[in-house]
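A.B. asks: Would you mind keeping the following structure in view while I ask a few things?
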Amino acid sequence: MRIAFSEDPRDFLQRDWSDVVDADPAATFFHSPRYLKLYWEELGQDVDLLLAFAEEHGRTVGAAALERMDGLLRFLGGTEVTDYMGPVALPGLEDRVAKELLGAMAARAEWTDGDLRGLPEDSPWLPRLAGAASDAGLRVKEGLDSVAPFIPLSGDFERYLEGLPGKLRREIRRKARRLDVELGEREVVQADDRSLVRDLGDFTAMHRASPGPKGVFMVPGMEIFFRRLGEMFLPDGSFRLAFLEAGGERLAGAIALPFRDTTFLYNSAFDRRHRELAPGMVLVADLIRDAIARGCRTFDMLKGDLEYKYRFGATRREVRRLQLRRS
């Protein structure tokens, strides 16, 4: 096995490793070359690209997308929009890919420090990479990157509710009933190819009306990133923009990313004028219902240790980081 490096962004397509992503059980939507290419084109202007390919018998058996900036080496994806990061490999070859990748990275002189973020605490890549880095002569320090709560799913929506503590179960049902009583029966409406541009405009407006950091997140460059994300992934069903509507109004919106048996709750916003009716909470509950109906086993609420996520019975899960230094 050998590691081949490339600094050519055309290799997102020319050396497309989607089949490796599909085969790796630890891979997520964020590991796909289509997503990483989009991130690089819209938000990666200030970093140098470094793609790594593990090759064996003339085929790609593993891959990792990296970025360099001022001597710092990181997984490609930044910290704002890419929740999970790291390499992928064909089953059975993960340990060798990790060893060869870290050895090849350690041999490159253009970086002095590494900050490998986006590794869930239950990902097998976390100990693999830590051990491989140590074997390559690098000093390794593991630390906290963020927290990404998730909800295990099974059965139907009523079974999910029955598995919650009574107080949480009653709160979810009460909020939905109250909204229906005050504004009329609610409906969840999905964006499609024809409505996507208008719908993203509505979603962006809700986002910008939010107070604090959330309200300033959706700068023009980020809006373009979200638009391209929808245009690229909505046709194959891996991008879903949903709105909660009632009384002739759009009350809340959310972007979900279905991938395998997981639905990732990527972003959300709501109309602040109806805050007392908790439309965002009602929409998330409806999205959980939809994920269960589609056979998902996990509803991943992604990074952000926010209180509202635990009101749906989410389990706390840490996302870890490996800080590397040359000995």
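The values are calculated or read from the model by the stated rules, or taken from the named source; none is laboratory data. Only a predicted model underlies this, so the values are computations on that prediction, with no experimental measurement involved. Neighbour counts are summed over all protein chains in view; Cβ atoms, including those assigned to glycine, are modelled from backbone coordinates with ideal geometry.
A.B. asks: Go through A104, A130 for me and flag whichever is in the same structural domain as E56 (by TED's automatic domain parsing), touching a residue at least 60 places away in the same chain (Cβ under 8 Å) and farther than 17 Å from R321 by Cβ.
C.D. replies: After applying the criteria, what remains is A104.
A.B. asks: Can you find, within the stretch 9-55, the residue that is farthest from T82 (Cα to Cα) among those that are part of a loop (DSSP other than H, G, I, E, B) and touching a residue at least 40 places away in the same chain (Cβ under 8 Å)?
C.D. replies: In this case the residue turns out to be R15.
Quick grid of which residues meet (1) closer than 24 Å to L244 by Cα; (2) in contact with a Ser or Thr (Cβ under 9 Å, 6 or more places away or on another chain):
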{"residue": "V140", "(1), (2)": "no, yes"}
{"residue": "V147", "(1), (2)": "no, no"}
{"residue": "F157", "(1), (2)": "yes, no"}
{"residue": "G163", "(1), (2)": "no, yes"}
{"residue": "R169", "(1), (2)": "yes, no"}
{"residue": "R174", "(1), (2)": "yes, no"}
{"residue": "L179", "(1), (2)": "yes, no"}
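A.B. asks: Separate question: Is there a residue being surrounded by fewer than 21 Cβ atoms within 10 Å (Cβ to Cβ), among the hydrophobic types (A, V, I, L, M, F, W, C) and in a helix (DSSP H, G or I) anywhere in the stretch 99-110?
C.D. replies: So far as the stretch 99-110 goes, yes, one or more of its residues are surrounded by fewer than 21 Cβ atoms within 10 Å (Cβ to Cβ), among the hydrophobic types (A, V, I, L, M, F, W, C) and in a helix (DSSP H, G or I).
A.B. asks: Give just the number: which of (1) among the aliphatic types (A, V, I, L, M); (2) exposed (fewer than 15 other Cβ atoms within 10 Å of the Cβ); (3) assigned to a loop (DSSP other than H, G, I, E, B) does L144 not satisfy?
C.D. replies: (3)
A.B. asks: Is it true that D113 is closer than 14 Å to L73 by Cα and in contact with a Lys or Arg (Cβ under 6 Å, 6 or more places away or on another chain)?
C.D. replies: Criteria met by D113.
A.B. asks: Right, here's the next one. With respect to the numbered conditions (1) loosely packed, with under 15 Cβ neighbours inside 10 Å; (2) in a loop (DSSP other than H, G, I, E, B), which one is the sole condition not fulfilled by A4?
C.D. replies: Of (1) loosely packed, with under 15 Cβ neighbours inside 10 Å; (2) in a loop (DSSP other than H, G, I, E, B), only one is false for A4: (2).
A.B. asks: Could I ask something else about it? Just wondering, is there one or more residues in the stretch 272-290 that are assigned by TED's automatic domain parsing to the domain that holds Q190, closer than 21 Å to P120 by Cα and either of a type in the set (V, I, T) or touching a residue at least 60 places away in the same chain (Cβ under 8 Å) (or both)?
C.D. replies: No, there is no match, as no residue in the stretch 272-290 is assigned by TED's automatic domain parsing to the domain that holds Q190, closer than 21 Å to P120 by Cα and either of a type in the set (V, I, T) or touching a residue at least 60 places away in the same chain (Cβ under 8 Å) (or both).
For (1) assigned to a helix (DSSP H, G or I); (2) surrounded by fewer than 19 Cβ atoms within 10 Å (Cβ to Cβ); (3) at pLDDT 95 or above, each residue gets a yes or a no:
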residue: A205; (1), (2), (3): yes, yes, no
residue: V216; (1), (2), (3): yes, yes, no
residue: G221; (1), (2), (3): yes, yes, no
residue: L229; (1), (2), (3): yes, no, yes
residue: M232; (1), (2), (3): yes, yes, yes
residue: A252; (1), (2), (3): no, no, yes
residue: F264; (1), (2), (3): no, no, yes
residue: A269; (1), (2), (3): no, no, no
residue: R275; (1), (2), (3): yes, yes, no
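A.B. asks: Oh, and also: For the stretch 163-206, how many residues meet the condition of being farther than 26 Å from G237 by Cβ and in contact with a Lys or Arg (Cβ under 7 Å, 6 or more places away or on another chain)?
C.D. replies: So the answer is 4.
A.B. asks: Determine whether the stretch 227-248 contains at least one residue that is under 23 Å from T28 (Cα atoms), without any contact (Cβ under 8 Å) to a residue 60 or more places away in the chain and either aromatic (F, W, Y) or not assigned by TED's automatic domain parsing to the domain that holds I288 (or both).
C.D. replies: Taking every residue of the stretch 227-248 in turn, at least one turns out to be under 23 Å from T28 (Cα atoms), without any contact (Cβ under 8 Å) to a residue 60 or more places away in the chain and either aromatic (F, W, Y) or not assigned by TED's automatic domain parsing to the domain that holds I288 (or both).
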